[in-house]
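**Q** Before anything else, here's the structure in question.
The values are calculated or read from the model by the stated rules, or taken from the named source; none is laboratory data. A quick note: this is a predicted structure, and the numbers were derived from the prediction, not measured. Every residue, glycine among them, receives a Cβ derived from its backbone with ideal geometry; neighbour counts consider all protein chains shown. Heavy atoms of the whole protein, side chains included, go into the accessibility calculation; ligands, DNA and RNA do not. Shrake-Rupley method; radii C 1.70, N 1.55, O 1.52, S 1.80 Å.
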Amino acid sequence: MEPSMTIDSVVGRDRMPAILKTEAEYARWLDPEIKERGPLDQLMRPLADGLLEVEAIGKIF
């Protein structure tokens, strides 16, 4: 799955944070009974462009 353009500009193509929108999504993400990725696939989606603000604070390296 490709990250949104906003995320790609910050962390690159090989990483994408899980951004959970509701308490139900948060609960499912942390559910210790879920042992496989399948039930979590719906939560692993790129956030639409324009929903995050990006601000440079400095370089790590």
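**Q** Can you tell me which residue is modelled with the highest pLDDT among those in region 30-61 that are open to solvent by 90 Å² or more (accessible area, probe 1.4 Å) and in a helix (DSSP H, G or I)?
**A** Checked region 30-61; the qualifying residue modelled with the highest pLDDT is Leu30.
**Q** Might you let me know whether region 16-25 holds any residue that is modelled with pLDDT of 90 or more, open to solvent by less than 100 Å² (accessible area, probe 1.4 Å) and assigned to a helix (DSSP H, G or I)?
**A** Yes, the conditions are met somewhere in region 16-25.
**Q** Ok, one more. Would you mind stating whether Met1 is of a type in the set (A, V, I, L, M, F, W, C) and at pLDDT below 65?
**A** yes
**Q** While we're looking at this one, here's another question. Please specify each residue of region 41-61 satisfying the condition of being touching a residue at least 24 places away in the same chain (Cβ under 8 Å) and charged (D, E, K, R).
**A** Arg45, Asp49
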